[in-house]
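Notes follow the structure.
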Amino acid sequence: MNQNQLKKALSKLPLGDVRYFDSIGSTNNEALAWATGGARDLSLVIADEQTAGRGRLDRKWFTPKGSALAVSIILRPAAGEKPHLTRIVGLAALAVADALRTRSLVSQIKWPNDVLLNGRKVAGILVESVWSGEEVDGLVIGIGMNVLKGSVPSAELLQFPATSLEESLGPLVEREPLLHDILAGLIALRPHLGSDSFISSWEKALAFRGEQVQAEQGEGSLAAGKLLGLESDGSLRLMDEDGKSITVRFGDVSLRPGK
Ligand code: ADP
């Protein structure tokens, strides 16, 4: 990644501090340590390569050199945001979707933490918290996005198909303006985090709306039903075949099209 270009692209945004790495284990690990050590709101960790990028439950996230966007954004939630922290994953996903929309791409959010393009994963989000006693003192939003084809792992490593922006936009996609647009979108949407309209925008962007899905939870427990929408905390609302409403809470949930 070109550091000058990066600086220029981010210069007009109201950010905290920025740490850039040509290569790092995991941007989220660096950001968690930095947040614990007092990083300012909207500080960023950006890397050109992750050698130990993480998904949920320590699953791996691939970020080969020179082809992907890997950023971790540190938030210091304001008092008014604290009741809505379960919505932050939606904030990040909507910011990614908005940045894609300005590139004429319609993406969908595979609840809770992935963004799909043409039904395939183009970005993953990992939100982690830093606690101070009983209170969340900081949040780290990790975003990994496949930009060039080289960032897409081979099919046998994937449980869900993946794609890159290059497959839709060609090889000239630049990561610096893309990161700018994601951050600008997140900053613009953040004041609306607690509003009803936030939940309805998030719902509208969901993949599989109105369709049958299966939500696999942790140790093989499975909820199946029609995807109706979201609860106000961002939990997923399904309706089973008897018309009974099911709430799928955050956690290690993998959503798949149902039968
Ligand atoms: P889930 O697939 O349940 O959403 P995670 O959100 O934890 O799982 O994401 C990690 C998974 O994503 C990995 O197990 C792997 O299958 C897949 N993966 C890893 N790197 C990439 C990538 N660059 N693009 C798309 N999918 C990836």
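The values are calculated or read from the model by the stated rules, or taken from the named source; none is laboratory data. The model shown is predicted, which means the values in this text are computed figures rather than measured ones. Using ideal geometry, Cβ is built from the backbone for each residue, glycine included, and neighbour counts are taken over all protein chains shown.
I'd like the full set of residues that are modelled with pLDDT under 95 and on the phi > 0 side of the Ramachandran plot, limited to the range 208-236.
Answer for the range 208-236, where residues must be modelled with pLDDT under 95 and on the phi > 0 side of the Ramachandran plot: Gly218, Gly220.
When you go through (1) part of a helix (DSSP H, G or I); (2) small (Gly, Ala, Ser); (3) in contact with a Lys or Arg (Cβ under 9 Å, 6 or more places away or on another chain) one by one for Gly16, which number turns out not to apply?
(1)
Out of the range 144-187, which residues are within 16 Å of the ligand (Cβ to nearest atom), touching a helix residue (DSSP H, G or I) at 6+ places or on another chain (Cβ under 9 Å) and farther than 17 Å from Arg101 by Cα?
Gly144, Leu148, Lys149, Gly150, Ser151, Val152, Pro161, Ala162
Across the range 120-136, which residue is nearest to Leu183 (Cα to Cα) among those that are near the ligand (Cβ under 10 Å from one of its atoms) and more than 8 Å from the chain's Cα centre (by Cα)?
Top of the filtered list is Val122.
Looking at the range 150-174, I want the residues that are assigned by TED's automatic domain parsing to the domain that holds Arg120 and have a partner that is of a type in the set (S, T, N, Q) and away from the ligand (no atom under 12 Å from the Cβ) with Cβ atoms under 7 Å, at least 6 apart or on another chain. Which pairs are those?
Thr163/Asn118
Determine if the range 192-213 includes at least one residue that is touching a Leu at 6+ places or on another chain (Cβ under 6 Å), free of Cβ contacts under 8 Å to residues at least 24 places away in the same chain, more than 23 Å from Lys8 (Cα to Cα) and not in a helix (DSSP H, G or I).
Yes, there is a match, as at least one residue in the range 192-213 is touching a Leu at 6+ places or on another chain (Cβ under 6 Å), free of Cβ contacts under 8 Å to residues at least 24 places away in the same chain, more than 23 Å from Lys8 (Cα to Cα) and not in a helix (DSSP H, G or I).
Provide a single number: the residues in the range 163-186 that are more than 13 Å from Ser107 (Cβ to Cβ) and touching a Lys or Arg at 6+ places or on another chain (Cβ under 6 Å).
Here the count works out to 1.
Filter the range 214-226 down to the residues that are part of a strand (DSSP E or B) and over 20 Å from the mean Cα position of the chain (by Cα) and list them by number. Don't jump to the end; show me each part of the working.
To start, the set of residues in the range 214-226 that are part of a strand (DSSP E or B) comprises 214-217, 221-226.
Once the filter is applied, which keeps residues that are part of a strand (DSSP E or B) and over 20 Å from the mean Cα position of the chain (by Cα), the range 214-226 yields Gln214, Ser221, Leu222, Ala223, Ala224, Gly225, Lys226.
Examine the range 123-140 for a residue that is among the polar types (S, T, N, Q), assigned by TED's automatic domain parsing to the domain that holds Ala93 and assigned to a helix (DSSP H, G or I), and state whether such a residue exists. Before you say what the answer is, go through the steps one by one.
First pass over the range 123-140, keeping only residues among the polar types (S, T, N, Q): 129, 132.
From the residues that got through so far, the ones that are assigned by TED's automatic domain parsing to the domain that holds Ala93 too are 129, 132.
Okay, now just the ones that are also assigned to a helix (DSSP H, G or I), so none.
The answer is no; no qualifying residue exists.
Kindly list the number of the only condition in (1) near the ligand (Cβ under 10 Å from one of its atoms); (2) in contact with an Asp or Glu (Cβ under 7 Å, 6 or more places away or on another chain) that fails for Pro112.
(2)
Residues checked against (1) outside the structural domain of Leu169 (by TED's automatic domain parsing); (2) surrounded by fewer than 22 Cβ atoms within 10 Å (Cβ to Cβ); (3) outside any strand (DSSP E or B):
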{"residue": "Ala52", "(1), (2), (3)": "no, yes, yes"}
{"residue": "Ile73", "(1), (2), (3)": "no, no, no"}
{"residue": "Pro77", "(1), (2), (3)": "no, yes, yes"}
{"residue": "Glu81", "(1), (2), (3)": "no, yes, yes"}
{"residue": "His84", "(1), (2), (3)": "no, yes, yes"}
{"residue": "Ala92", "(1), (2), (3)": "no, no, yes"}
{"residue": "Ala95", "(1), (2), (3)": "no, no, yes"}
{"residue": "Ser104", "(1), (2), (3)": "no, yes, yes"}
{"residue": "Gln108", "(1), (2), (3)": "no, yes, no"}
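Pro191 passes all but one of (1) loosely packed, with under 14 Cβ neighbours inside 10 Å; (2) away from the ligand (no atom under 12 Å from the Cβ); (3) farther than 23 Å from Ser72 by Cα; which number fails?
Single failed check for Pro191: (3).
Kindly indicate which of Leu139, Leu117 is over 16 Å from Leu255 (Cα atoms) and more than 10 Å from the ligand (Cβ to nearest atom).
Numbers: Leu117 fails: over 16 Å from Leu255 (Cα atoms).
Exactly one residue qualifies, and that residue is Leu139.
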